[in-house]
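The values are calculated or read from the model by the stated rules, or taken from the named source; none is laboratory data. In this text the structure is predicted, and so the values were computed from the model without any measurement. A quick note on method: Cβ atoms are made from the backbone with ideal geometry, for glycine too, and the neighbour counts reach across all protein chains shown.
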């Protein structure tokens, strides 16, 4: 990846690849999780524990192949299990349904189940070798014969092993391959030689794609975005130009929401029903109430909570602010570290001046207030319910309910001044 960040902590749809896999195996019914990491990878361990606090963390101090990696978690395997699923943290698109399908043959008596796919170009993949409809071996590219290399059915890497067979098979794997490593795939030949059935479960090549560089990361992102878009549209969301809308793995959008082109959803967004999001909005860490209208060109930052029927217009930014039902801020405003009561109108050019150079301060605005155009509210300050702020005011003191506040210089008019200042023409 040419990165200081471990590969599995790179993100797809706002979620680390490791987190995608952990979420998927949990959703597929895993009740115990063991994560094998490299030495000095506390960052990977911390991410695993963030997603699955109960997960066991095991360190593979030396790299001697995939079977060697699995056996790094030997103490977890020795506790016993109905079945053992081996997943890889750099294949983030595998779904819970596929993990569940991979486990299914074990209930039918299979010792192993291998996830496979039909490759458009099989070069570089291990081939699934079948005889009379049964899987008998997985041959790595370097160890395959010319005939075996012509096979298009390839190994996706993921495997499910019956719990009663797991340790026996894994400990019998020898380093008899071209690279002198202990290949997990050799478990297939061992099971087949013992007369135990080995199943193949098919998935799409797109779903099982791995990520090893930035180009593959971008490809995984594109495929994940397609999946997320299809999912929200299936739930009753209108994406006017789907390919221009970017979602996150945790984006939640209610029914009858309309999203216009070029909208970006960052992490932690929840949108209730009947919302209209206009073009070129950037939304992150925000909750949007039913019937709201957002944009165009609006930015909702973390902590923005918008009530029912709120209108946020063009070039309005909201951060760490609670806006009550029916609040309108239709143009060119910044509402940061604020509470705005229901029914309040915020005029164009209004700013909550929340930062004094050292600390953030909060602005409190009551319901049904009217904030005139080009108002600066210097926090900490409060505006009472029903109060009226005159346009162009700088408000530094609290305003009582139903009061009128003006904080601007008195207008002075000097008649004929302009005429006397114009240069005379020669």
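Just a few scattered comments:
- Between 349, 357, the distinction of being assigned to a loop (DSSP other than H, G, I, E, B) and without any contact (Cβ under 8 Å) to a residue 12 or more places away in the chain belongs to 357 only.
- Residues within segment 317-327 that are surrounded by 24 or more Cβ atoms within 10 Å (Cβ to Cβ) and closer than 18 Å to residue 282 by Cα, tallied: 3
- Members of segment 91-105 that are more than 26 Å from residue 214 (Cα to Cα) and either surrounded by fewer than 23 Cβ atoms within 10 Å (Cβ to Cβ) or at pLDDT below 95 (or both): 97, 100, 101, 103, 104, 105
- From 268, 291, residue being assigned to a loop (DSSP other than H, G, I, E, B) and more than 22 Å from the chain's Cα centre (by Cα): 291
- Condition check for residue 367: surrounded by fewer than 17 Cβ atoms within 10 Å (Cβ to Cβ) and modelled with pLDDT of 95 or more: no
- Any hit, segment 231-245, residues being within 22 Å of residue 9 (Cβ to Cβ) and surrounded by 15 or more Cβ atoms within 10 Å (Cβ to Cβ): no
- For the criterion of being in contact (Cβ under 8 Å) with a residue 24 or more places away in the chain and in contact with a helix residue (DSSP H, G or I) (Cβ under 8 Å, 6 or more places away or on another chain), residue 192 fails.
- Flag for residue 400 being in contact (Cβ under 8 Å) with a residue 12 or more places away in the chain and under 36 Å from the mean Cα position of the chain (by Cα): no
- Of all the residues in segment 4-28, those that are within 13 Å of residue 87 (Cβ to Cβ) and surrounded by fewer than 21 Cβ atoms within 10 Å (Cβ to Cβ) number 5.
- Residues of segment 206-220 satisfying the condition of being in contact (Cβ under 8 Å) with a residue 60 or more places away in the chain and either more than 14 Å from residue 16 (Cα to Cα) or surrounded by fewer than 18 Cβ atoms within 10 Å (Cβ to Cβ) (or both): 206, 207, 208, 209, 210, 212, 213, 214
- As a summary of the residue check, residue 185 satisfies the conditions (1) over 30 Å from the mean Cα position of the chain (by Cα); (2) over 24 Å from residue 96 (Cα atoms) except for the one numbered (2).
- Of the helices (runs of 4 or more DSSP H) entirely within segment 1-71, those holding at least 2 residues that are assigned by TED's automatic domain parsing to the domain that holds residue 186 and touching a residue at least 60 places away in the same chain (Cβ under 8 Å) occupy 17-27, 66-71.
- Note on segment 96-171: enclosed helices (runs of 4 or more DSSP H) holding 2 or more residues that are closer than 14 Å to residue 198 by Cβ and in contact (Cβ under 8 Å) with a residue 12 or more places away in the chain are 96-107, 163-171.
- Segment 72-95: number of residues that are over 17 Å from residue 37 (Cβ atoms), within 25 Å of the chain's Cα centre (by Cα) and not in a loop (DSSP other than H, G, I, E, B): 1
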